[in-house]
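Worksheet for the structure shown next.
The values are calculated or read from the model by the stated rules, or taken from the named source; none is laboratory data. Because the structure is a prediction, the values reported are computed rather than measured. Every residue, glycine as well, gets a Cβ built from its backbone with ideal geometry; the counts of neighbours run over all protein chains shown. The accessibility values were calculated without ligands, DNA or RNA, using every heavy atom of the protein model including side chains. Shrake-Rupley method; radii C 1.70, N 1.55, O 1.52, S 1.80 Å.
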Amino acid sequence: LTALFQFVSRPLAAGIVFNLVLIATHVPLTVDAWRSNQFGSFLLDMAWLGSGLILWLPLISPLPELALRSYPIKMLYLFFAAGGVAMVPAGFLTWSEYPLYSTYELAPRVAGIKAIDDQQLAGVLMVLGTMPIVWGVLATMMHRWARSEADGTPAVRAAGRGAPI
């Protein structure tokens, strides 16, 4: 497990794993097959939770040798790993003219909301729910980086002291 943990803590591996899980778990075939029962739904939720933890490992790893140390590298990693590919499934959900998942299309309606409206709302929430977190963390890192430069502390050393992000 140590070797696996060290591998997925690398930025490139973490970004790839996160985005592959994100894309694979939003394919209609996967959703319709797995959301049809409670165990499959649980597995999808655990895949999302696990890949989310993997995404953040290079930034918050408690092991200094596994965590990224410089603010510019951390910011680039987060921007590319969490910023671009995540918009693909959100775009398909938001801009589709018909429901992509038969599981949700056939589900009982809540408060009269049509399946397509529910799906489009989910796509919008994927974007709007992610943006404040990612951009907030990026802004915090930018602030800490600027503060470390003003103090004369190299960003690499400052990033390794106390605060993981």
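A few remarks follow.
- GLY84 passes every criterion in (1) surrounded by 14 or more Cβ atoms within 10 Å (Cβ to Cβ); (2) under 19 Å from the mean Cα position of the chain (by Cα) apart from (1).
- Near pairs, Cβ below 9 angstrom, 6+ apart or cross-chain, from segment 127-156 (more than 20 Å from GLY84 (Cα to Cα) and open to solvent by 60 Å² or more (accessible area, probe 1.4 Å)) to any residue that is modelled with pLDDT of 85 or more and assigned to a loop (DSSP other than H, G, I, E, B): TRP145/SER70; PRO154/SER70; VAL156/SER70
- For ALA90, the conditions (1) touching a Gly at 6+ places or on another chain (Cβ under 7 Å); (2) surrounded by fewer than 18 Cβ atoms within 10 Å (Cβ to Cβ) all hold with the exception of (2).
- Any chance LEU76 is open to solvent by less than 70 Å² (accessible area, probe 1.4 Å), assigned to a helix (DSSP H, G or I) and either closer than 15 Å to LEU12 by Cβ or touching a helix residue (DSSP H, G or I) at 6+ places or on another chain (Cβ under 7 Å) (or both): no
- For GLN119, the conditions (1) of a type outside the set (Asp, Glu); (2) at negative phi; (3) open to solvent by 20 Å² or more (accessible area, probe 1.4 Å) all hold with the exception of (3).
- Among residues of segment 34-53 being of a type in the set (A, V, I, L, M) and at pLDDT 95 or above, the one that is least open to solvent (accessible area, probe 1.4 Å) is LEU44.
- Residue ID - farthest from THR130 (Cα to Cα), chosen from residues in segment 91-110 that are among the hydrophobic types (A, V, I, L, M, F, W, C) and at pLDDT below 90: LEU106
- Hits in segment 7-33 (condition: of a type in the set (Phe, Trp, Tyr) and buried (at least 19 other Cβ atoms within 10 Å of the Cβ)): PHE18
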